[in-house]
Amino acid sequence: MNMSIRSRLFITVSLLIVFFVAFSWWLNSTYLETYYVNQNKQDLLAAAAAISSEYNGDVSDLYVDLNRLERLSGINILILDANLAVKYSSSGAGADVPVGVERKRIRQADHLVPLITKYQSALQSGNQVVALSQDPNLDSGLLNIISRLSNGDYLLLSKSLLSLGQSAAVANRFFLFTGLLPILLASGIIYIFARRFTGPILRLNDIAQKMSQLDFTEKYAAVHQDEIGELGKSINSLSDQLDKSISELQAANQKLQQEIEHERKVDEMRRQFISNVSHELKTPIALIQGYAEGLKENVVQDEANRNFYCEVIADEAAKMNKMVLELLDLSQIESGYVPLEKEVFNLTEMIRQMTAKYELILKEGKMKILTEQDGDIWAYADPNRIEQVLANFLNNAINHVDERGEIRIQVKTKDSKALVTVFNTGRPIPEEDQGKIFTSFYKVDKARTRAYGGTGLGLAIVRAILEQHKSAFGTRNLGDGVEFWFDLDRAAMA
């Protein structure tokens, strides 16, 4: 598994801090003592210059200044005359100093006198000498500055290197201790910083992962106006654009699928229509062809049979003519070629007149028709087309009524609509056929019986007319029969 950015950032910065701490410790260990020596050398040179400018040969005049310089700077001061006799040694000199003390100082200075002798020729030329020597009492090195004063005396300033080495060692140990603490503190701070730095990146990664799964609901809330904040805004913009584009593509794809499905259904209906027309024309054509050939071949000799043959041919031709006319009528209605001629008319009176026309047919078939109405109801529609709808519904009821022979027509108002229902007693329509009976050539009778002489286009014409009126329609099974219904826009009474 690859190391995360957070881990790499934490480890890299931590190692950098450790490196710089270690490098600083090495520099201190290697060069700090040398730096101290050079710094103290400059201090000795400055002290020598100050003493040389104030010294006039009398040590007592500078005793206080020399003593203060010794105490504040830790410098050992030795002044010798031209004969290398001690005039002043560290901690003071002069007539008031006891002889025993003075001799002790002289003994302490004995190991420094050879240095002056060694560099006497250089000193007499006016040069200052920087030399290292060994302190026999402390067993440590001394840093010495030797110079010739204006009156011919010799000035020797010394500083122990022991204190310098100890100071450097203490400084290195302290630096090592203080370096470890910053490393620990920096590691904690770096860890927190790495989490805060990589947190937004991980958040953006989660959003990108959801975007790859077409989930565009998540958005990045930019807290800081930095590069990551700008990246978050870009991710949000990309998410919005992708969401919009994919939604448009999905909508277009859905619309295309609907169009394809519609085309498939239209194509299926076209094939079914051709099949139905072919089926409906096959029988009458066969009958006409057969009876016409019989007449041509003089199959029948008597007048009565020839008349029968001619009646069959004429009857089948009339049925074909009726079907063609209905097909043309259906095509014109569905295409909108024949516009509606809407007007206000008395729907109740239209139904009353229509039932009167069918009175003879109803008596011959031993059927009875009942009408129920809420007074005169006026409708706004094409009266010729609505009369055609009523005729188809009534013919359908007459053709399918059972032995009880009961037909009911009801007209009533419902809100802003006039509702018309046509009921007949008889067998219910199967549930699977109820959505198909308004299709061209569809018959519940799968054998396509010719007993009624119907073409299967009546209810299809009803559907086309009512759809042109933007009216609702349908059928439902009741307990003792079947009911067809439709509604029309009501109009104020004329």
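The values are calculated or read from the model by the stated rules, or taken from the named source; none is laboratory data. From a predicted model like this one, the values you see are computed outputs, not experimental measurements. Cβ: placed from backbone, ideal geometry, glycine included. Neighbour counts: every protein chain shown.
Brief remarks on what is shown
- Note on region 339-372: among residues that are assigned to a strand (DSSP E or B) and among the polar types (S, T, N, Q), the one that is modelled with the lowest pLDDT is Thr371.
- Selection status of Leu330, outside the structural domain of Thr413 (by TED's automatic domain parsing) and either surrounded by 17 or more Cβ atoms within 10 Å (Cβ to Cβ) or in contact with an Asp or Glu (Cβ under 8 Å, 6 or more places away or on another chain) (or both): yes
- Restricting region 329-375 to residues that are farther than 20 Å from Asp489 by Cα and touching a residue at least 60 places away in the same chain (Cβ under 8 Å), the residue that is farthest from the chain's Cα centre (by Cα): Asp329
- Of the residues making up region 210-243, those that are of a type in the set (S, T, N, Q) and either under 14 Å from Gly199 (Cα atoms) or not in a loop (DSSP other than H, G, I, E, B) (or both) number 6.
- For region 347-366, the set of residues classified as in contact with a Phe, Trp or Tyr (Cβ under 9 Å, 6 or more places away or on another chain) and not polar (S, T, N, Q) consists of Leu347 only.
- Residue check, Ala314 more than 30 Å from Lys219 (Cα to Cα), loosely packed, with under 14 Cβ neighbours inside 10 Å and modelled with pLDDT under 85: no
- In region 92-124, the residue that is surrounded by the fewest Cβ atoms within 10 Å (Cβ to Cβ) out of those that are of a type in the set (Gly, Ala, Ser) and modelled with pLDDT of 75 or more is Ser121.
- Qualifying residue in region 287-308 (condition: among the basic types (Lys, Arg), surrounded by 15 or more Cβ atoms within 10 Å (Cβ to Cβ) and touching a strand residue (DSSP E or B) at 6+ places or on another chain (Cβ under 8 Å)): no
- Taken over region 146-190, residues that are modelled with pLDDT of 80 or more and either within 12 Å of Ser29 (Cα to Cα) or in contact with a Leu (Cβ under 8 Å, 6 or more places away or on another chain) (or both) amount to 11.
- Residue match in region 421-429 (condition: within 55 Å of the chain's Cα centre (by Cα) and modelled with pLDDT under 90): yes
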